[in-house]
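Shown next, in C-alpha cells, is the structure this report addresses.
The values are calculated or read from the model by the stated rules, or taken from the named source; none is laboratory data. This is a predicted model, so every value here is computed, not measured. Because the Cβ atoms are built from the backbone with ideal geometry, glycine has one as well, and the counts that use them run over all protein chains shown.
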C-alpha cells in the first residue's frame, strides 16, 4: 500500500469518525474502504492516549486466552463476551511507512485482534459462542432491516455506488506500480 498525503488524510478522517462514534478502533472496511488498515486510540478521546495507524497487519503467535465483553461501532448497542488470545505478535507498517513489530497483550492486544478481524471479514459476533449468538439474532435482523430501508430511500448509497467507490480506492492504493 502506498503511503501518501491522501492516505494520511484518510487516516485522519477515520480518527474523526472513530472519535465521533466514541470508539477506540476503526478498520478501513468499516467505512467502505478496501484497505488493509485500521486506526486505534485506547483512550478513545482526541488529545489523550496514543493514536496508532496500522497498515497491512499480520498477527501471529497467539498465547493464552482471556474473555472480555466487546462491542463494535458496526453494531451499536450490542455487547457480548468474546474469548481471544491474551497475547499476540504483530507485524505491520505505520503511517510513516516504518515497520511495526511487537508483542502485544492486554487491551491493546484485544483491540488489534478486533480490528484485524474486520479486515478479515469477521465481526466480534462471529466469535461469540453459538448458544449466546442466538440471543442477539433479533438485534442483528433489526440492523439489516434498517439498512435496507435507508438504502431504498436513498439515505445510504446503493450497492453499485459502494462497489464503484471501493474499486476506485482499491485501484489507487492496492495495485502494484
Using the structure shown, decide if residue 26 is assigned to a strand (DSSP E or B) and either without any contact (Cβ under 8 Å) to a residue 60 or more places away in the chain or over 30 Å from residue 157 (Cα atoms) (or both). no
Filter result for residue 53 (surrounded by fewer than 18 Cβ atoms within 10 Å (Cβ to Cβ), at pLDDT 95 or above and closer than 11 Å to residue 112 by Cα): no
Residue tally, condition in contact (Cβ under 8 Å) with a residue 24 or more places away in the chain, loosely packed, with under 14 Cβ neighbours inside 10 Å and assigned to a strand (DSSP E or B), over the range 80-100: 3
Of the residues that sit in the range 104-128 and are in contact with a helix residue (DSSP H, G or I) (Cβ under 9 Å, 6 or more places away or on another chain) and outside any helix (DSSP H, G or I), which one is modelled with the lowest pLDDT? 128
Residue 151 being surrounded by fewer than 11 Cβ atoms within 10 Å (Cβ to Cβ) and over 24 Å from residue 38 (Cβ atoms): no
Would you check if residue 77 is farther than 24 Å from residue 43 by Cα and surrounded by fewer than 12 Cβ atoms within 10 Å (Cβ to Cβ)? no
Conditions (1) surrounded by fewer than 15 Cβ atoms within 10 Å (Cβ to Cβ); (2) within 30 Å of residue 137 (Cα to Cα); (3) modelled with pLDDT under 95 -> residue 34 fails only (1)
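Listed here are the residues, each with its yes/no results for (1) modelled with pLDDT under 85; (2) assigned to a helix (DSSP H, G or I); (3) closer than 29 Å to residue 5 by Cβ; (4) in contact with a strand residue (DSSP E or B) (Cβ under 8 Å, 6 or more places away or on another chain).
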{"site": "134", "(1), (2), (3), (4)": "yes, yes, no, no"}
{"site": "145", "(1), (2), (3), (4)": "no, yes, no, no"}
{"site": "162", "(1), (2), (3), (4)": "yes, yes, yes, no"}
{"site": "176", "(1), (2), (3), (4)": "yes, no, yes, no"}
For the range 44-75, give me each residue that is under 16 Å from the mean Cα position of the chain (by Cα), without any contact (Cβ under 8 Å) to a residue 40 or more places away in the chain and part of a loop (DSSP other than H, G, I, E, B). 44, 51
Looking only at the range 5-12, decide whether some residue is part of a strand (DSSP E or B), crowded, with 18+ Cβ neighbours inside 10 Å and more than 12 Å from the chain's Cα centre (by Cα). no
Among the residues of the range 17-30, is there at least one that is under 18 Å from residue 172 (Cα atoms) and surrounded by fewer than 16 Cβ atoms within 10 Å (Cβ to Cβ)? no
